[in-house]
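This report concerns only the one structure given below.
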Amino acid sequence: MTDLRRAPHTAAPESPPYLWAGLVAVGTLVLYVLTLAPTTQFWDASEYIAAAHALGIPHPPGNPFFIILAHVWGLLPLAGDYARRINLLAATTSAVTAGTWFLIGERWLRAIVAPVRWRRAVATAGTLVGFTTFTVWNQSVVNEKVYTLSMLTIALVLWLAVRWADQLEATRRDHHLVLIVYLLALSATNHLMGLLVAPAVLVYVLATDPRVLFRPRFLVAALLVAVVGTSVNLFIPIRAHLDPYLNQGDATTWPALKAVLTREQFGKPSVFDNPMYPTGADNPGHTLVLYGQQLLNYVQYFTWQFGRDWLAGPQRALAVLFAALGLLGARRHWRAERRAAVAMTALMLTLTVALVFYLNFRWGYSQPYSAPGLEHEVRERDYFFIASFAAWGVWVGMGLATVMAWIQEALATRVPAHAPARRWALSAVVLLVALVPLAGNRLTAPRSGETLARDYAHDVLQSVDPYALLVTAGDNDTFPLWYAQEVEGVRRDVSVLVLSLANTDWYLRQLQRRPPETFAPALAPALYRDQRWPRPTSPWMSRFYLDGPADTLPPYLALSQPVTGRLGPVTVALDPNALGRPYLERSDLAVLQIIKDEVGRRPIYFSSSTGNYADRLGLGAYLVGEGLVRRVLSRPTAPSDSVRLLPGRGFVNVPRTSALAFGVYQGGEPAARPRPRGWVDVPSQNSLLGYVFVYDTIAAALAGQEPALAARAGVLRDAILANTTYGLPAERRAAGN
């Protein structure tokens with residue numbers, strides 16, 4: 001403690017270079033705008049954009065601060081496309097973060113690089129590295145998460161701590177710390193990631209003036225602003241009572257609000273549990289081997305950051321280079337200014353090893369090792385570590401400054417002592433290293449021109465008859481539909497039932513109480529305009545979720561052996577072996593109940609992204625494929641002039657599928673667009689595979705009847721497939737195979 005407190009309380013009389021920081025922020029913003037996603041994207045982007053538009057409540061913890069901020073931001077006429085406006089919010093918050101990190105880096109470099117212009121050049125280089133790393137860049141050009149806002153609060157809070165600590169003791173005031181407490185509380189209503197800067201702030205306080213923690217005036221002020229900051233969470237129950245389009249958790253009671261804020265819906269395991277096993281006495285616990293593997297997953301993500309466009313070998317080499325530069329910079333930082341170095345070290349450890357332990361993920365999605373019982377995450381989780389990749393650039397900048405100093409020492413015998421500027425200029429060539437991530441991520445990090453999520457949502461919704469129920473599986477086949485309905489007004493008459501939420505009572509209750517909007521023929525394909533579509537007035541289920549808690553479906557129903565049952569005109573054979581489990585979940589019961597009550601009266605479909613789920617429920621004999629969806633019939637499917645049984649595909653309505661694919665769908669061409677590195681986010685490529693199935697079906701079914709159309713479908717199929725990991729090898733594609 002004594003050594004730390006000897007650190008200078010003010011480093012230099014010069015003021016912070018706010019103008020230069022502004023230029024860094026503007027330059028970063030220009031890069032992000034040039035590579036910005038033009039509309040919504042997959043994963044959580046569509047949900048958050050729809051929630052911002054509706055002033056609604058996304059998945060727990062609800063993120064009320066982000067929703068309010070994004071809703072206000074979305075009212076600004078910054079772009080014609082609403083999703084692009086919200087994406088611009090992510091770009092702006094990330095760019096401001098870059099400017100703030102420049103200020104922090106420049107301040108810490110004062111003890112390392114004396115000449116002002118070279119210090120600022122080094123700080124700029126470090127910032128450039130941090131904000132062109134793959135994950136930071138890729139997440140800054142779309143509002144997929146709320147983490148760019150958390151990243152901004154982390155940087156702002158640390159900068160305030162630096163400014164507070166730099167004040168002379170005689171004139172130091174606590175208002176910086178009070179503002180820090182307020183920002184931390186406010187950031188917590190966005191996401192808890194913002195609190196990860198707290199250990200670094202505590203280091204500054206303990207190393208500068210620990211007495212402030214015991215001053216009554218500060219403690220009272222801190223308590224008051226903390227209450228004000230966290231009061232933003234009250235938005236959730238207030239808005240939930242108004243039942244906006246997105247109202248996840250339906251937090252109209254205090255227990256429901258608690259469940260949303262604590263994310264009970266996701267059942268996150270304890271940090272001391274093994275996440276691949278159920279919580280309880282039989283859980284083997286969080287072993288050192290598991291933690292080591294989780295750390296290796298972080299290392300894997302780190303290797304992606306500096307040359308994602310290139311092969312694995314160069315990626316790893318660049319990761320070693322930038323890791324070495326960062327560690328060299330950390331060493332130099334510790335020697336130059338101990339207090340700041342301890343704070344930065346605390347921050348980096350919190351953003352990496354501590355965060356890895358807290359998140360307690362299963363094996364990473366693309367980690368190569370696989371064995372029974374070793375479950376992998378459903379997607380890559382590198383975005384959780386976005387702040388660590390951005391902050392690492394500060395130490396990389398210090399590492400570059402250290403290399404520059406070495407070069408100057410080597411030049412001392414060749415360049416006259418009275419020409420230090422020349423030595424600085426000659427050594428500055430190493431700053432070109434900062435351009436490597438920009439060059440190495442220029443193909444995979446940008447999202448410019450990517451419209452597939454929006455197009456997919458349009459195509460799925462326009463595939464179904466008016467007032468239909470559309471059953472979907474999870475995030476990527478549901479969130480874009482929410483966006484399309486709420487933001488773009490596409491087919492609001494369609495009710496969407498997502499299986500991943502249908503195990504909760506609040507979601508099924510919302511499905512029951514929300515009547516569909518009136519079908520608008522002018523906004524639908526021509527194939528729906530040749531008849532009248534009366535608007536239904538009854539809910540989807542006749543017996544459940546109508547009044548009180550007594551009419552709910554059970555969480556599960558045991559299915560110990562095969563059974564046969566009647567769902568109105570539909571006969572189903574339920575087999576636990578086919579289902580993959582000895583019980584029916586609430587979502588299964590809801591789907592079966594809706595079919596029993598409404599099949600033959602209202603159209604019911606399964607999205608093709610649900611795979612063989614409907615078949616596992618015993619409905620296979622009553623399904624017919626129609627483009628990206630499968631319709632449930634009230635009688636067993638039989639071949640006809642339009643419906644054909646295709647091997648490996650089941651029954652398909654070929655004319656309707658063809659009419660949809662070539663007369664309605666907007667996503668075929670965007671899915672087939674050549675991508676230099678394929679579909680970057682492999683876990684979401686199933687959305688492309690839906691189109692592959694559609695065009696492959698047409699190519700197979702019409703080869704003898706309409707060869708030109710079949711050939712066109714085959715070309716689209718092959719082009720889309722080439723963007724996926726299932727595509728043919730490049731040399732075979734080039735040969736036309």
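The values are calculated or read from the model by the stated rules, or taken from the named source; none is laboratory data. Owing to the predicted nature of the structure, the values given are computational and were not obtained by experimental measurement. Don't worry about glycine lacking a Cβ; one is built from the backbone with ideal geometry, like all the others, and counts go over all protein chains shown.
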Picked from region 507-524 (must be surrounded by 19 or more Cβ atoms within 10 Å (Cβ to Cβ) and over 30 Å from the mean Cα position of the chain (by Cα)), the residue nearest to GLY627 (Cα to Cα) is ALA524
Flagged in region 305-346 as of a type in the set (D, E, K, R) and within 25 Å of the chain's Cα centre (by Cα), in numbering order, are ARG308, ASP309, ARG316
Next on the checklist: Can you find a residue that is of a type in the set (Gly, Ala, Ser), outside any loop (DSSP other than H, G, I, E, B) and at pLDDT below 95 anywhere in region 197-208?
Outcome noted: yes
Restricted to region 581-597 and to residues being of a type outside the set (A, V, I, L, M, F, W, C) and either in a strand (DSSP E or B) or buried (at least 23 other Cβ atoms within 10 Å of the Cβ) (or both), the residue farthest from the chain's Cα centre (by Cα) is TYR583
request  = Return yes when ALA578 is in contact with a Gly (Cβ under 8 Å, 6 or more places away or on another chain), of a type in the set (A, V, I, L, M), surrounded by fewer than 19 Cβ atoms within 10 Å (Cβ to Cβ) and touching a residue at least 24 places away in the same chain (Cβ under 8 Å) and no when it is not.
outcome  = yes
Restricting region 66-88 to residues that are in contact with a Ser or Thr (Cβ under 9 Å, 6 or more places away or on another chain) and crowded, with 24+ Cβ neighbours inside 10 Å, the one nearest to GLY489 (Cα to Cα) turns out to be ALA83
For LEU645, the lone unmet condition from (1) closer than 30 Å to ALA703 by Cα; (2) surrounded by 14 or more Cβ atoms within 10 Å (Cβ to Cβ) is (2)
Checking ILE236, ILE180, ILE154 in turn, the sole residue that is free of Cβ contacts under 8 Å to residues at least 40 places away in the same chain and in a helix (DSSP H, G or I) turns out to be ILE180
Residue pairs qualifying under the 9 Å Cβ cut-off, at least six apart or on distinct chains, with the first in region 520-547 being without any contact (Cβ under 8 Å) to a residue 40 or more places away in the chain and the second being of a type in the set (S, T, N, Q), are PRO539/GLN512; LEU546/GLN512
Within region 463-473, the count of residues that are at negative phi, surrounded by fewer than 24 Cβ atoms within 10 Å (Cβ to Cβ) and not aliphatic (A, V, I, L, M) comes to 2
Among the residues of region 428-462, the number that are over 25 Å from VAL680 (Cα atoms), buried (at least 22 other Cβ atoms within 10 Å of the Cβ) and either of a type in the set (Gly, Ala, Ser) or in contact (Cβ under 8 Å) with a residue 60 or more places away in the chain (or both) is 1
THR40 meets each of (1) closer than 19 Å to PHE384 by Cα; (2) buried (at least 24 other Cβ atoms within 10 Å of the Cβ) with one exception, condition (1)
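Applying the selection to region 525-571, what residues are among the polar types (S, T, N, Q), farther than 30 Å from PHE662 by Cβ and more than 39 Å from the chain's Cα centre (by Cα)?
GLN561, THR564, THR571
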*asked:* When you scan region 359-382, do you find a residue that is of a type in the set (Lys, Arg) and crowded, with 20+ Cβ neighbours inside 10 Å, even just one?
replied: yes
Of the residues in region 654-676 that are more than 19 Å from ALA708 (Cα to Cα) and without any contact (Cβ under 8 Å) to a residue 60 or more places away in the chain, the one that is surrounded by the fewest Cβ atoms within 10 Å (Cβ to Cβ) is PRO674
For GLY678, the lone unmet condition from (1) at positive phi; (2) in contact with a Phe, Trp or Tyr (Cβ under 7 Å, 6 or more places away or on another chain) is (2)
Every listed condition ((1) modelled with pLDDT under 95; (2) not in a loop (DSSP other than H, G, I, E, B)) holds for ALA638 save (2)
Here the residues within region 337-355 that are surrounded by 19 or more Cβ atoms within 10 Å (Cβ to Cβ) and of a type in the set (A, V, I, L, M) are ALA340, ALA341, VAL342, ALA343, MET344, ALA346, LEU347, MET348, LEU351
>> Looking for something touching a Ser or Thr at 6+ places or on another chain (Cβ under 6 Å) and surrounded by fewer than 24 Cβ atoms within 10 Å (Cβ to Cβ) - is there at least one such residue anywhere in region 175-184?
In response: yes
Within region 93-145, restricting to residues that are among the β-branched types (Val, Ile, Thr) and in a loop (DSSP other than H, G, I, E, B), the one that is modelled with the lowest pLDDT is VAL113
Notebook entry, point to check: Is there a residue in region 43-50 that is in a loop (DSSP other than H, G, I, E, B) and modelled with pLDDT under 95?
Noted result: yes
For MET151, the lone unmet condition from (1) over 19 Å from the mean Cα position of the chain (by Cα); (2) within 29 Å of VAL203 (Cα to Cα) is (1)
From the option list GLN294, GLN300, single residue qualifying as more than 30 Å from ALA165 (Cα to Cα), modelled with pLDDT under 95, within 24 Å of the chain's Cα centre (by Cα) and not in a loop (DSSP other than H, G, I, E, B) is GLN294
Checked region 688-707 for anything closer than 18 Å to GLY650 by Cα, of a type outside the set (S, T, N, Q) and in a helix (DSSP H, G or I); matches are LEU689, GLY690, TYR691, VAL692, PHE693, VAL694, TYR695, ASP696, ILE698, ALA699, ALA700, ALA701
Polar (S, T, N, Q), in a helix (DSSP H, G or I), at pLDDT 95 or above and farther than 30 Å from GLU598 by Cα - does that describe any residue in region 403-416? no
